[in-house]
């Protein structure tokens, strides 16, 4: 990846450790320009406290919606499991109806999230605020001088929110991208949170929000081998059915694939979850029609 100018980096998901990117710079051996989105938002906190307070109210309203969303997921998922169980017949109309109800719960949450985001944008017009315009212009100027963009993981919610706050949607479409972990998740149309191995037992898979849609038709599941019980065909099948028609794509450390079909590392590092509970490697010739997503 050498030659042609520096690389831009978004590491806002690392939060207070955003600029602790020495190991990445050393591994790359190339100049890196950290866009410092987490720090930039803190600058806005000082320069435009009223705007940030309005943003915090929007986020609080979204959290309140998520409480109801989680309760609805629990009920809908219980229906799927009761009708289907480990011996579900995927063609059973009652099972299909239970899956559709679970999908409707997800769709309703995303619609409510859209409503809150749109209301904030229309009422507060953050991108028109002088302080935001100044900071955003500096970010875009730095990005324009870089040949490609790296998007790291970390806290995917913070990463997504900071990128959205500064309106980077269009800028993302103008550069080659290499993303991993949470960075890959935000490139898809939807961002799913999931964990089968929490301290309190099996976690509840739920949508965080919409992603930026650069990689259409998929939901990325980074570190799936650690976070999901992939040996349980019933849970894998339910998750794949719930996410349909989006393809559930598990990505692991040590490999990836580009839209052009170039393989990176482990052949089994990119796999698709299927409704019958199986997993298959995503072919090296597969193209998602967007920039590369790596783990």
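The values are calculated or read from the model by the stated rules, or taken from the named source; none is laboratory data. Treat the numbers as computed from the prediction; the structure is a model and nothing was measured. Cβ sites come from the backbone with ideal geometry, for glycine too, and all protein chains shown count toward neighbours.
If you check 67, 135 for being in contact (Cβ under 8 Å) with a residue 40 or more places away in the chain and in a helix (DSSP H, G or I), only one passes: 135. Taking the criterion of being in contact (Cβ under 8 Å) with a residue 60 or more places away in the chain, closer than 27 Å to residue 168 by Cβ and surrounded by 19 or more Cβ atoms within 10 Å (Cβ to Cβ), the residues of region 214-251 that qualify are 214, 215, 218, 220, 222, 251. Residues in region 252-280 that are at pLDDT 90 or above, outside any loop (DSSP other than H, G, I, E, B) and surrounded by 14 or more Cβ atoms within 10 Å (Cβ to Cβ): 271, 272, 273, 279. Across region 13-35, the qualifying residues are those that are out of contact with any strand residue (DSSP E or B) (no Cβ under 9 Å at 6 or more places or on another chain) and within 18 Å of residue 186 (Cα to Cα), and the one among them that is surrounded by the most Cβ atoms within 10 Å (Cβ to Cβ) is 14.
Among the residues in region 119-127, are any farther than 24 Å from residue 61 by Cα, over 23 Å from the mean Cα position of the chain (by Cα), without any contact (Cβ under 8 Å) to a residue 24 or more places away in the chain and in a helix (DSSP H, G or I)?
In the first step, residues of region 119-127 are kept if they are farther than 24 Å from residue 61 by Cα; the result is none.
The answer is no; no qualifying residue exists.
Selection of region 144-160 for residues being surrounded by 20 or more Cβ atoms within 10 Å (Cβ to Cβ) and in a helix (DSSP H, G or I) yields 156, 159, 160.
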